[in-house]
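Heads up: the structure comes next, in structure tokens.
The values are calculated or read from the model by the stated rules, or taken from the named source; none is laboratory data. Every value quoted in this text rests on a predicted model; they were computed, and no experiment measured them. Cβ placement follows ideal geometry from the backbone for every residue including glycine, while neighbour counts extend to all protein chains displayed. With ligands, DNA and RNA removed, areas are computed over all heavy atoms of the protein, side chains included. Shrake-Rupley method; radii C 1.70, N 1.55, O 1.52, S 1.80 Å.
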Amino acid sequence: MKKKRVIVGLSGGVDSSVAAYLLTQQDYEVIGLFMKNWHDESVTLSNECPWLEDSNDAMLVAERLNIPYQTVDLSTEYKERIVDYMFDEYACGRTPNPDILCNREIKFDVFLKLALSLGADYVATGHYCQKDTIVNSDGIIQHRLISGADTNKDQSYFLCQLDQDQLAKTLFPIGHLQKAKVREIARQLNLVTAEKKDSQGLCFIGKVSLPDFLQQHLQTKNGDIIEIPFDFYNDKPAPKAMIGQSQKITYNPSDGKTVGKHQGAHFFTIGQRKGLFVGGTSEPLFVIDTDVDKNIVYVGQGKDHPGLFRKALKIIGDQIHWVRNDLKIPLGFKLDVKARIRYRQPLQKATLISKKEAHYIIFEQDQSAITSGQFVAWYQDEELVGSGVIS
């Protein structure tokens, strides 16, 4: 009987290396494929996982495992689908998540389609998440996206935009393992990636200077940094998005005092502390809002500043995504979920509400730095069932 063919996305890191090894120990024909998605190294910080080093490491791993290996250049697709989208989002005052987009648009779309064209039955990655398959009450096969067994490394959040067709063709060989066990396996195999540090920064690019990266396309524009004092909220509730109400307080320059200058409101995001270069305050300043039209950055002192916190968020209609459509709630219904608005955030108790104009997530506890353009993902138990772009 012919073996099932699996093409593994070898990134040059330890996780994908061990994922490939584990597949060779099963009844699969395994092929390693390295995706080159970035050419411009002018903004990449030196010695931070340049693509050439990663490619060489991936090749050495493939040789060690005795599997075929090749590289593919997807830089055009990456620029069009990820980089250009990032520039557009920042220009509008939103903060995108390139890692989630990269998985949705590149790894599990462009790469998946390429793999299938090469005769693959599946693709596999080194993500710390799990998948299982059930038959629901209607007799329909459903693929469930499950949190990784290593709660500290769980990467299900980054895969929150995947759909049933993508999950059907995907394997996550290390999702049931702890990170320490993955490194132990790599050491036993004497893989070159065994002690390699985990990559950081933008997906496929590496660690970059984000301001330099953004300034390649977005123009600098001097503007005011305005501090909003605590007593601003004395006669009004803290910014809490509620159904039928504004998502957040709209600030005006007269609401605070000018404490510094910046080079463009579109370079800043809610919750940001570094890069303001304003001194003389008793507590660190945090960005609580930006106005790209007026080019103003609003800040508040301390991580407990009321301007940082909101009770709820909104997802407009076409920005909501269900991993499993059979769990989609009808208009006017509610669903108790656990949700997160950023990677590694502990899951928060919340209620998802479906309304005609939008979906809302109301949290049990106020959340800090809910940011437009980022993704919220919601779970039932360990299963990620849906996600959406925060408006």
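Select from the range 30-89 the residues that are in contact with an Asp or Glu (Cβ under 7 Å, 6 or more places away or on another chain) and either in a helix (DSSP H, G or I) or under 20 Å from ILE100 (Cα atoms) (or both) and write down the one among them that is modelled with the highest pLDDT.
The first filter runs over the range 30-89 and keeps only residues in contact with an Asp or Glu (Cβ under 7 Å, 6 or more places away or on another chain), leaving 36, 43, 50, 81-82.
Still in the running and either in a helix (DSSP H, G or I) or under 20 Å from ILE100 (Cα atoms) (or both): 36, 81-82.
Numbers: LYS36: 88, ARG81: 93, ILE82: 89.
Of everything passing the filter in the range 30-89, ARG81 is modelled with the highest pLDDT.
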Any residue in the range 114-126 that is in a helix (DSSP H, G or I) and open to solvent by less than 20 Å² (accessible area, probe 1.4 Å)? yes
Within the range 127-142, track down each residue that is in a strand (DSSP E or B) and touching a residue at least 40 places away in the same chain (Cβ under 8 Å). CYS129, GLN130, LYS131, GLN142
So, in the range 253-265, how many residues would count as being open to solvent by 30 Å² or more (accessible area, probe 1.4 Å) and part of a helix (DSSP H, G or I)? 3
Pairing a residue in the range 365-391 that is touching a residue at least 12 places away in the same chain (Cβ under 8 Å) and over 15 Å from SER354 (Cα atoms) with any residue that is acidic (Asp, Glu) and surrounded by 19 or more Cβ atoms within 10 Å (Cβ to Cβ), where Cβ atoms lie under 8 Å and the two sit 6 or more apart in sequence or on different chains, gives GLY373/GLU89
Boolean, GLN142 is touching a strand residue (DSSP E or B) at 6+ places or on another chain (Cβ under 7 Å) and open to solvent by less than 30 Å² (accessible area, probe 1.4 Å): yes
Keeping to the range 357-391, report how many residues are of a type in the set (Asp, Glu) and either open to solvent by less than 20 Å² (accessible area, probe 1.4 Å) or not in a strand (DSSP E or B) (or both). 4
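Within the range 153-162, does at least one residue satisfy the condition of being touching a Gly at 6+ places or on another chain (Cβ under 9 Å), open to solvent by less than 30 Å² (accessible area, probe 1.4 Å) and in a helix (DSSP H, G or I)?
Kept after step one, since they are touching a Gly at 6+ places or on another chain (Cβ under 9 Å), are these residues of the range 153-162: 154-156, 160.
Checking the rest, the ones that are also open to solvent by less than 30 Å² (accessible area, probe 1.4 Å) come to 154, 156, 160.
Of the ones still in play, those that are also in a helix (DSSP H, G or I) are 156.
Yes, the conditions are met somewhere in the range 153-162.
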Qualifying residue in the range 159-180 (condition: under 23 Å from the mean Cα position of the chain (by Cα) and acidic (Asp, Glu)): yes
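Suppose we filter the range 268-317 for residues that are assigned to a strand (DSSP E or B), over 30 Å from GLU357 (Cα atoms) and in contact with a Phe, Trp or Tyr (Cβ under 9 Å, 6 or more places away or on another chain); how many remain? It would help to see each step written out before you state the result.
Step one: of the range 268-317, the residues assigned to a strand (DSSP E or B) are 285-291, 296-301, 309-316.
Add one more test, that the residue is over 30 Å from GLU357 (Cα atoms), and what stays is 285-286, 299-301.
Among the residues that remain, those that are also in contact with a Phe, Trp or Tyr (Cβ under 9 Å, 6 or more places away or on another chain) are: 299-301.
Number of matching residues: 3.
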When residues of the range 301-331 are limited to those that are small (Gly, Ala, Ser) and closer than 24 Å to CYS160 by Cα, the one surrounded by the most Cβ atoms within 10 Å (Cβ to Cβ): ALA312
Select from the range 332-356 the residues that are touching a Lys or Arg at 6+ places or on another chain (Cβ under 8 Å) and not in a strand (DSSP E or B) and write down the one among them that is surrounded by the most Cβ atoms within 10 Å (Cβ to Cβ). LEU347
